[in-house]
Amino acid sequence: MSEKTSRCLFVPLQPENYFITQQDMKKTIIASMLLTFSLLRMSADVDENFYIYLCFGQSNTEGNANPEAVDKLTVDPRFQMLATTNFTSPARTMGEWYTATTPIAHSDARLSWVDYFGRCMVAALPATHKVGVVTVAMGGAGIDLFDKENYAEEMKKTSDWPVILANRHYNGKPYQRLLDMARKAQEAGVIKGILMHQGETNNGNQAWLEKVKKIYNDLLGDLGLQAADVPLLAGETVDAEEGGACSLHNTVIAQLPSVIPTAHVIRSNSCTCQEDKLHFTASGYRIMGRRYATEILHLMGRQAVADANYTLPLYLSSCFSIKELVQPADVLIKLGGSKQLTLSGTFTDGHREDLTAETTFTSSDFTITDGVLKGTEEKSGTVTATYTDFTGATHTATINVTVTSQANSVLVFDDGNGGSNLWDYQGIYTLDTPMTKGKNYVVKATIMADNGGQLALWPIWSTSPNRNEWNMSADVQYLAAKNVTNSFAEYRWDFTANFDHDKLQFVFGQIAGKVYFDDVSCVEKATGVEMIENGNFESDDLSHWSVNWNGPKYSIEDDPTTGIAEIVCDNPYTSTAVYDLYGRKMPEGRLPRGLYITGGRKFLVK
């Protein structure tokens, strides 16, 4: 008998109850027997193979895409949803289980990543298993609306849309509804994870991390769960590559595993978005749902592929089977540097996706750790990229790699058509150790822009309590703008810090096209200590860099001024001359190992 059951049966009597009648004793025994029977029956009704996941968040969890034809096809009844509110269309009763057809959160919701999380899970698990979701979500809801204490202050904003939804669907108490329905779900199955997609309303707010931690711990405590058994998965907002209006928050979400050891981040790159740059398209939700499922399956120690005995519906195989891999570009790495290898592919349904996170990279020529290749010696060789899609089919691609002392990489920001104001586009570096007010600093960077224009440095104390009307720090130091040209030149800012700056904001919003950075440095004059990591971009680690809410796109690329020069000859397709990757003609005779070009084609000498 469990400890919980024992406490129910053997409660010590108070002194005034020591003397009871024989009839009362019989009643007590009968009540105890009935309670024991009820508890044993409840325990027997719990299906250990019914895996339940609590899902909460704002509009992307709620679902904001109109279902397309493929999304309306039959859903496996092994994928269940517990109605957390009374639905009008389709008619559903709160607290009852249903096959998880769209919408899942409530009647006002639409297609969400939750739909495809469950569809992929049941496809990958044995036929003996079921998957259930318990979803509480409201468009526009800030994180405090899910806190079991702090929600009350948020609910005072009666005209706010998320508050209206909270009242309409969850009796004004979102956390309590999630908790009540989770307890109801525990009568049928076992809670295996907590999944969330929330943050747009808290875009860039560092306090979000501790707020999420509190909600996670509250749920675990109130439901009698252990963190080791119930991981937290948090999805990124629309990615910066897609122009995500709240992509800044992804730099905050990335820190979640350092605050919650059992937390895992679900990437949103390659997930297309709607015109508002806030919500994913139906295709984006399918990808995000599969990625949530992939992470959960990996945490179970399972491969993220459909079960061998499962007949995968055509619409799922179309969404998740590779048509062809995109041949990776040749990689050029500076000696001593490193490079994150990448792979992408085109799927049968036509969408293209970055597959890097789920790809295995192997090589007999180079050392590769977690997909990062290190250039420890000058040489050329190959890397094999292997990806297994959800149908179980395995695909491979070969990447040609050259490590040379003559390569150079730069950080590139792409402003597209540019903006109307200097601050419209920003490249931001977060310092590990903030500046100290009153101390002297020198910031240097080698910069060029395809179309030239004004570029300024605005150090900011982003965590300052002094906020402006947009709840952003008002403690900014506006240093002089420089006139950047289409040739690389070094630019320098000498200044005394007016605040404890923790970020360097390079602003160049009026420059159309690409802006290139190299050799970025920040030094405190008195000590000479360098405060910038990887300022020469030998590694493609961009973890310290971010952009403002408006963009721009950014990546590490080969230096355009030292890249492969155009090969000019009378007939490049019939020429027998051989050139290296820098466009230099090689002498006749035996070639050293490396990549070369002849007749307009590349070839590898091993």
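The values are calculated or read from the model by the stated rules, or taken from the named source; none is laboratory data. This structure is a prediction, so every number in the text was calculated from the model and none was measured. All Cβ positions, glycine included, derive from the backbone under ideal geometry; neighbour counts span all protein chains shown. In case anyone asks, the SASA skips ligands and DNA or RNA and just uses the protein heavy atoms, side chains included. Shrake-Rupley method; radii C 1.70, N 1.55, O 1.52, S 1.80 Å.
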Angle check, please: helix 282-299 long axis (alpha carbons) against the longest principal axis of the chain (alpha carbons), in degrees 0 to 90, nearest 10.
70
Sort 554-560, 487-493, 193-199 by packing, meaning the average of other beta carbons within 10 Å per residue, with the highest value first.
193-199, 554-560, 487-493
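What is the gain in length, in nm to one decimal, between E48 and T398 on full extension, counting 0.36 nm per residue of separation less the C-alpha to C-alpha distance?
121.6 nm
Over the alpha-carbon set of the range 258-387, divide Rg by the Kirkwood Rh and report the Rg/Rh ratio to two decimals.
Working: Rg = 17.1 Å, Rh = 17.0 Å.
Ratio of gyration radius to Kirkwood radius for the range 258-387: 1.01.
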Can you give the FRET efficiency for E68 and A474, using 1/(1 + (r/R0)^6), R0 = 35 Å, r = Cβ-Cβ distance, to the nearest 0.05?
0.20
Inter-centroid distance (Cα atoms) of the range 136-198 relative to the range 402-442, Å
39
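Ignoring ligands, DNA and RNA, what accessible area per residue does the range 138-285 give at 1.4 Å, in Å²?
38
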When all protein chains stay in place, what accessible area (Å², nearest 10, 1.4 Å probe) is found for Y315?
20
Ratio of Rg to Rh over the range 411-569 (Cα coordinates, Kirkwood Rh, two decimals)
0.98
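For the pairs K156/K277; K72/K323; K184/K213; K437/K514; K156/K213; K214/K437, note any where the Cα-Cα span goes beyond 26 Å.
Those over the limit are K156/K277; K437/K514; K214/K437.
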For semi-axes √(5λ) of the Cα gyration tensor in Å, the choices are [x] 36, 27, 23; [y] 51, 33, 17; [z] 52, 32, 22; which was calculated from the structure?
[z]
Unit Cα scatterers, Debye sum, the range 145-270: log10 I(q)/I(0) for q = 0.16, 0.19 Å⁻¹:
-0.89, -1.17
State the antiparallel share, in %, of DSSP beta bridges confined to the chain, rounding to the nearest 5.
75
Other residues with Cβ under 9 Å from the Cβ of S270 give, with Lys and Arg +1 and Asp and Glu -1, a net charge of -3
Using the eigenvalues of the Cα gyration tensor, what equivalent ellipsoid semi-axes result for the range 76-164 when each is taken as the square root of five times the eigenvalue, whole Å, largest first?
28, 14, 11
Please work out the C-alpha center-to-center distance from the range 475-489 to the range 58-100 and express it in whole Å.
52
Per residue, how much space in cubic angstrom lies within the convex hull of the C-alpha atoms of the range 304-358?
93
With the 1.4 Å probe rolled over protein heavy atoms, the range 419-506 has an accessible area per residue in Å² of 48
Computed label-point distance, nm, for sites Q327 and E378 using a 7 Å Cα→Cβ extension
2.8
The range 298-426, relative contact order in percent, only Cα pairs under 8 angstrom and at least six apart counted
27
Specify the angular offset, from 0 to 90 degrees and rounded to the nearest 10, of the alpha carbon long axis of helix 22-45 from the longest principal axis of the alpha carbons in the chain.
30
Counting only DSSP loop positions in the range 142-234, the trypsin sites (Lys or Arg not before Pro) whose Cβ has at most 11 other Cβ atoms within 10 Å are K156
Quick one: with all protein chains in place, what share of the accessible area of the range 242-355 is carbon or sulfur, to the nearest percent (1.4 Å probe)?
51
Can you give the local net charge around A254? Use residues other than it whose beta-carbon is closer than 14 angstrom to its beta-carbon, Lys and Arg +1, Asp and Glu -1.
-2
Pairing the Cα long axis of helix 174-186 with the longest principal axis of the chain, what angle in degrees results, from 0 to 90 and rounded to the nearest 10?
70
